[in-house]
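What follows is one structure encoded as structure tokens, with my remarks underneath.
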Amino acid sequence: MKKLCSINVDLDEIPNYFGIHGLTAPEGRHPSTTAVYDVALPRLCELAGSLAVPLTLFAVGEDLLRPSSGESLKDAVRAGHGVGNHSLSHLYDLTRRCRAEITEEIDRGADAIEAASGERPRGFRAPGYTITDEVFDVLRELGYRYDSSVFPCPAYMAAKDAAISLYSVLGRPSRSVVDTPWVLTAPTEPYRIGTPYYRRGNGLLELPIQVTRGLRLPYFGTPLMMAGPAGAKLLTRGVLGAPFVNIELHGIDVLDEHDAELGDLAKTQRDLRVSASRKADVLGAVVDMLKNEGYSFVTLDEAAEAFA
């Protein structure tokens, strides 16, 4: 089998990041509230075109109720990019909701994405990467082909749990939730889930969020962008040789504090202090390195077909 790589992007709009940090998001038509679709998505599509790689775009259904956001996603699909389901309203505590609400969040999210883009998503990513056996049961019932939520990364979990605790002490609780530590024992390469989902079995195909060999360091948007081109290349050495490299980004990963009045958020969201041009250089360096190592770039749907 060829070595495959996918670049996929969660299109969470900016108010979600205020929620992560326990901050109050701007109200009304503040330009930051739609910066992912107005600025980041066109920028991502331009970057992908210059690098000759496809993207898989995980959309939040409610964001697409804004006509121009739906049109932006439709334009991206017409350009050859894939779509995935990131739920209807990006509830960080989705796994703590009742079965009926979980089903509604997933199915209505897919309806909104299909209505906007013309494509019904066959893959799912849970808000905050937090997933459970019950969510997997719902995905199976709804006929999903793959999931890409499992993130077996000790450093990421430690940082996330520490931030949630800190924000609670500061009196500004985060909307993020703590995941089960058992996820850290999950396979790091594509696998069929068992019961529980972090064990191998014969269930739905899981395409985990990427970590490096050995220490399982995080290999996704934020640490790559913060590392700069040279540091990102160093991190990339830790994933070379894997049959599949799953590079997960967020729309905010190609924005900086000068875009859409994001300066206030940059006080907490440190990666916004890295310029958009430097972030483009990081992505270009990573793509070039992986291509030179013989990786072919595909959508997640294509990766799921290859590993099925």
Quick one: Ala76 ticks every box in (1) over 16 Å from the mean Cα position of the chain (by Cα); (2) touching a residue at least 60 places away in the same chain (Cβ under 8 Å); (3) assigned to a helix (DSSP H, G or I) bar one, so which box is it?
(2)
Which of the numbered conditions does Gly143 fail, given that it passes all the others? Conditions: (1) in a helix (DSSP H, G or I); (2) closer than 30 Å to Asp111 by Cα.
(1)
Looking at segment 249-262, is at least one residue over 30 Å from Gly22 (Cα atoms), in contact (Cβ under 8 Å) with a residue 40 or more places away in the chain, touching a Lys or Arg at 6+ places or on another chain (Cβ under 9 Å) and not hydroxyl-bearing (Ser, Thr, Tyr)?
no
Odd one out for Ser32, checked against (1) surrounded by fewer than 19 Cβ atoms within 10 Å (Cβ to Cβ); (2) in contact (Cβ under 8 Å) with a residue 60 or more places away in the chain; (3) more than 20 Å from Phe220 (Cα to Cα)
(1)
Among residues of segment 9-25 being free of Cβ contacts under 8 Å to residues at least 24 places away in the same chain and assigned to a loop (DSSP other than H, G, I, E, B), the residue nearest to Leu255 (Cα to Cα) is Ala25
Could you count how many residues in segment 87-106 are touching a residue at least 24 places away in the same chain (Cβ under 8 Å), of a type outside the set (Lys, Arg) and closer than 16 Å to Arg140 by Cα?
5
Could you grab me the full set of residues in segment 272-308 that are in a helix (DSSP H, G or I), over 16 Å from Leu55 (Cα atoms) and touching a strand residue (DSSP E or B) at 6+ places or on another chain (Cβ under 7 Å)?
Ala306, Phe307
Kindly establish whether Arg78 is among the basic types (Lys, Arg) and out of contact with any helix residue (DSSP H, G or I) (no Cβ under 7 Å at 6 or more places or on another chain).
yes
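Taken together, the values in this text are just the output of simple stated rules run on the coordinates, not laboratory data. Since this is a predicted model, take the numbers as computed values, not measurements. Cβ atoms come from the backbone with ideal geometry, glycine included; neighbour counts cover every protein chain shown.
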